[in-house]
1. Divide by every residue of the chain the summed helix terms, -39500 (n - 2.57) for each DSSP H run of at least 4, and state the resulting mean residue ellipticity at 222 nm, rounded to the nearest 500 deg cm²/dmol.
2. Assign unit charges at the C-beta atoms only (+1 for Lys and Arg, -1 for Asp and Glu), then state the dipole size of the chain relative to its Cα centre in Debye, rounded to the nearest 20.
3. Whole-Hz Karplus ³J(HN,Hα) for the range 184-199, in order, using 6.51 cos²θ - 1.76 cosθ + 1.60 and θ = phi - 60°, x for Gly and Pro?
4. For K319, list the lysines whose Cα falls under 26 Å from its own Cα; do not include residues on the same chain fewer than 8 positions away.
5. Sticking to Cα atoms, compute the Rg of the chain to one decimal and its Dmax as the biggest Cα-Cα distance, whole number, in Å.
6. Convert each backbone phi in the range 26-35 into a coupling constant with the Karplus relation 6.51 cos²θ - 1.76 cosθ + 1.60 (shift: θ = phi - 60°), then list the ³J(HN,Hα) values in order as whole Hz, x for Gly and Pro.
7. Need one number: % antiparallel among DSSP beta bridges in the range 248-362, to the nearest 5.
8. Give the long-range amide H neighbours of V141: residues separated by 5 or more places, or on another chain, with amide H under 5 Å away, using H modelled in the peptide plane at 1.01 Å from N.
Amino acid sequence: MEQVDQAVSSANLPDRVNAIVAQTAVFDIHTHLYDPAFGALLLHGIDELLTYHYLTAEMFRHTDLSYGAFWKLPRSEQADHIWRRLFVDHSPVSEACRGVLTTLNLLGLDTGKRELPAIRKWYAEQPTEALVDRCLNLARVEHLCMTNSPFDLEERRVWTRGFHRDERFVGSLRIDPLILEWPQAGSHLSEDGYQVGDVLDETTIRNIRRFLEDWSDRINARYLMVSLPPDFAYPDQAASTKLLDRAVIPHCQENDLPLALMIGVKRAVNPALRLAGDGMGRADLNALENLCASHPQAKFLCTALSKENQHELCVLARKFPNLHPFGCWWFTNTPSTAKEITKMRLELIGLSVTPQHSDARILEQLIYKWTHFREVLTGILSEKYADLARTGWVVTDAEIQRDTTELFGTAFEHFCDTPGPCVLPAA
């Protein structure tokens, strides 16, 4: 009887789920944001929001301005042009445009007036530290993972000189050049005093391992990560296989760090768009399957850029406990697509997933990306709990809170902190 009294009735189920999802704190496990100590690398402000590459690409569908002419404009004039084309000349119905308005509205600005100068004036009065606190509080983000590359000279300088860390900003070690651009990436290691050569002999591997150890310790990395093209293959004869097998995965296993694979990006499909010019392709997930099978005691996080890869990724997660799917990445981070992917994941693998990460590149994007996804998750969980109620299994508020907390970070932390799966004997 006590269980029934505490249970959520079917009549108010959506309201109760919404209240719990809305107030539950998030561990945002992948962003492109930086600790405030990184200064200008932490992007924020209305001009950054409006010139975000999603909006830039969309704007070029509504302008006669050439690429070259646009890029020559000062940042504020680029923002003016995008505001005029996407928010004034057309209704801002795309997710990227709606996101700007959601953000401004929740910051307390009057979007109905459509006055960009007034918005700029408000921003000019905001101290960065106060804006950081306000954005994280509005988004209910308790911690977030940065994307930290030792191959970025500007970022390396900050890490090397040291700084007082904001504990809300967690490090993750990005190693794209190491995996995808060897031996060119070796020059960076050589400049830092690591004895490496073009050939991946024992000396070079040992020093790559030392490089990974040093940088994992320096940034206190929660995981290592690499973005991969859709045609990435494993195993093959490329340097990437040798680097993974002999350096990266052994390092991850010895330090109990997951390796995050973000699969499916095509770089510079349209170079004239600069950062907005990257595209996507359907990936061959045989590489992921082979990695999970070949390294059963290693832990792999994975998100895929193509919608067509999502079902296969979920099925692989059912087969390999050392695989943890996460996020609706980039082109899949729209409400309709995120709803479809998240619902499928819960139906196939239950709560052992991290359904979303913000991928925020500008500080304020945390607000809209988590606000919009909370709406999506509320609808899905309400439906699933109603399905359970029809079987006689009625969930309590405490159970809804437990499940939401798991989806918003504890499933990820449990995966990271649990020792790698045992190697089972062959049948």
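1. When only DSSP H runs of four or more count, the value is -13500 deg cm²/dmol.
2. Dipole about the Cα centre, nearest 20: 660 debye.
3. Using θ = phi - 60°, the values come out as 4, 5, x, 5, 5, 5, 4, 5, 8, x, 8, 7, 10, x, 5, 7 Hz.
4. Straight-line reach from K319, under 26 Å: K242, K299, K307, K339, K343, K384.
5. Cα radius of gyration and Dmax of the chain are 22.5, 71 Å respectively.
6. With coefficients 6.51, -1.76 and 1.60, one gets 10, 9, 7, 8, 8, 9, 10, 8, 10, 3 Hz.
7. Looking only at bridges with both residues in the range 248-362, the antiparallel portion is about 20 percent.
8. Amide H to amide H, under 5 Å and 5 or more residues apart or across chains, V141 pairs with V26.
All of the numbers you see were taken from the coordinates with simple rules; none came from a lab. Just so we're clear, the structure is a prediction, and the values are computed from it rather than from any experiment. Neighbour counts run over all protein chains shown; Cβ positions are idealised from the backbone, glycine included.
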